[in-house]
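The values are calculated or read from the model by the stated rules, or taken from the named source; none is laboratory data. None of these values were measured; they are calculated from a predicted model. With ideal geometry, Cβ positions are generated from the backbone for all residues, glycine too; neighbour counts draw on all protein chains shown. Surface areas here come from the heavy atoms of the whole protein model, side chains and all, with no ligands, DNA or RNA. Shrake-Rupley method; radii C 1.70, N 1.55, O 1.52, S 1.80 Å.
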Amino acid sequence: MSDYLIKALAFNGQVRAYAARSTDTVGEAQRRHYTWPTASAALGRAMTAGVMMGAMLKGEEKLTIKISGGGPLGPMLVDTNAKGEVRGYVTNPQTHLKSRAPGKLDVRGAVGTDGFLSVVKDIGLRENFTGQVPLVSGELGEDFTYYFVTSEQVNSSVGVGVLVNPDNSILAAGGFIVQLMPGTEEKTITAIENRLKTIEPISKMIEKGLTPEQILEELLGKDNIKILETLPVKFACTCSKEKFANAIISLGADEIKDMIETDGKAETHCHFCNEKYHFSKEELINLLEQAKF
């Protein structure tokens, strides 16, 4: 099964819902960054929440999530868009803490709670929308829930989970976002609250192999859901050698001359995908000529 997410309405349009399978996407991030289990769980949760938030956008809109809680993981950054594309990295990918409970990775300890979750949305306006809330949990699902309620004034429930194999590869990853629309009936709210209290943790649903559709059925009831759209999900980075070449040109002629005279070459590195781009002496000379104009 390939990664994908679904957008849905429930209870006759009173509820908006998203669910995603992100196993391969998080797996790609794990391989690229060589993340250890706790770091994989944190990054995977953030990327899963992020790709569902991206599905709330339109066209060429995009958003960036920054999570910095003061823990050993360091700041974490996730980029996503309306096309189901997502990328992300953590400052210290080789972070792994002793589990606080059997089978439960200590994401809270790795992320920390002394900091903020920030969301910057580029929706094509002159200024970007920025929302920021303090971290209340460090487990991230509750933190994204708090973000929606506090910063966007949308009553929401966010569940994200990542399971890691003994060899550090990703066994399964996914999540859901359920949001109440204005004017939701009290009986609908009560029904959803009761289901949220009794359903299995999202990690268990993922472990059992539930599809995004089945996850929403567990949350909202099969007969209450109307699926609006299915969107493929994948790890995708926007970096390229051309972009890094333009960045080198922007450094100016003196800086490029120093690269040529000191090393005779240059290497650039993308934090998001861990890709490296090499520039030979001849390529740097060409960039130097362009920097003179």
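I'd like the full set of residues that are out of contact with any helix residue (DSSP H, G or I) (no Cβ under 9 Å at 6 or more places or on another chain) and open to solvent by 80 Å² or more (accessible area, probe 1.4 Å), limited to region 272-285.
K276, E282
Grab the strands (runs of 3 or more DSSP E) fully contained in region 59-142, keeping just those with 1 or more residues being free of Cβ contacts under 8 Å to residues at least 24 places away in the same chain.
So the answer is 129-134.
Residues are listed down the side, and each one gets a yes or a no for (1) of a type in the set (D, E, K, R); (2) farther than 18 Å from G54 by Cβ; (3) free of Cβ contacts under 8 Å to residues at least 24 places away in the same chain:
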{"position": "N168", "(1), (2), (3)": "no, yes, no"}
{"position": "G174", "(1), (2), (3)": "no, no, no"}
{"position": "Q179", "(1), (2), (3)": "no, no, no"}
{"position": "P182", "(1), (2), (3)": "no, yes, yes"}
{"position": "E185", "(1), (2), (3)": "yes, yes, no"}
{"position": "I202", "(1), (2), (3)": "no, yes, no"}
{"position": "E218", "(1), (2), (3)": "yes, yes, yes"}
{"position": "T230", "(1), (2), (3)": "no, no, no"}
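If I ask for residues that are assigned to a helix (DSSP H, G or I), surrounded by fewer than 22 Cβ atoms within 10 Å (Cβ to Cβ) and either among the β-branched types (V, I, T) or at positive phi (or both), which ones from region 192-212 would you list?
Result: T198, single match.
Residues in region 80-137 that are acidic (D, E), within 15 Å of T64 (Cα to Cα) and open to solvent by less than 70 Å² (accessible area, probe 1.4 Å): how many?
Selection size over region 80-137: 2.
From the list I189, I215, pick out the single residue that is more than 20 Å from D3 (Cα to Cα), part of a helix (DSSP H, G or I), among the β-branched types (V, I, T) and at pLDDT 90 or above.
That would be I189, the only listed residue that is more than 20 Å from D3 (Cα to Cα), part of a helix (DSSP H, G or I), among the β-branched types (V, I, T) and at pLDDT 90 or above.
In region 47-63, what residues are touching a strand residue (DSSP E or B) at 6+ places or on another chain (Cβ under 6 Å) and open to solvent by 10 Å² or more (accessible area, probe 1.4 Å)?
Across region 47-63, the qualifying residue is only K62.
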